[in-house]
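See below for the structure under consideration.
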Amino acid sequence: MKLSAFGLLLFFVSAALVMASLLGYFRDVPYLTEYRYWLALGGYGVMVLGIVFKGQSH
């Protein structure tokens with residue numbers, strides 16, 4: 001499976017948000033701990049958008 005530049009960007013943004021959420025869950029980081037559920041939801045939402053718009057150009 002080859003990702004386009006936009007798909008790759010969405011993948012990395014999604015992964016970064018979910019990783020930040022996990023960091024906030026396991027460690028006491030002020031901002032990340034407070035918004036860990038929203039970060040996870042946002043990360044998975046970005047992933048869903050990437051799947052929905054897969055293959056569409058511009």
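Brief remarks follow.
- From K2, K54, residue being surrounded by 11 or more Cβ atoms within 10 Å (Cβ to Cβ) and at pLDDT below 90: K54
- Residue in segment 16-26 that is touching a Ser or Thr at 6+ places or on another chain (Cβ under 9 Å), assigned to a helix (DSSP H, G or I), without any contact (Cβ under 8 Å) to a residue 24 or more places away in the chain and crowded, with 17+ Cβ neighbours inside 10 Å present: yes
- Test for A40: is it exposed (fewer than 14 other Cβ atoms within 10 Å of the Cβ), free of Cβ contacts under 8 Å to residues at least 60 places away in the same chain and in a helix (DSSP H, G or I): no
The values are calculated or read from the model by the stated rules, or taken from the named source; none is laboratory data. The structure presented is a predicted model; accordingly, all values stated were derived computationally and were not measured. So basically every Cβ, Gly included, is an ideal-geometry build from the backbone, and we count neighbours across all protein chains shown.
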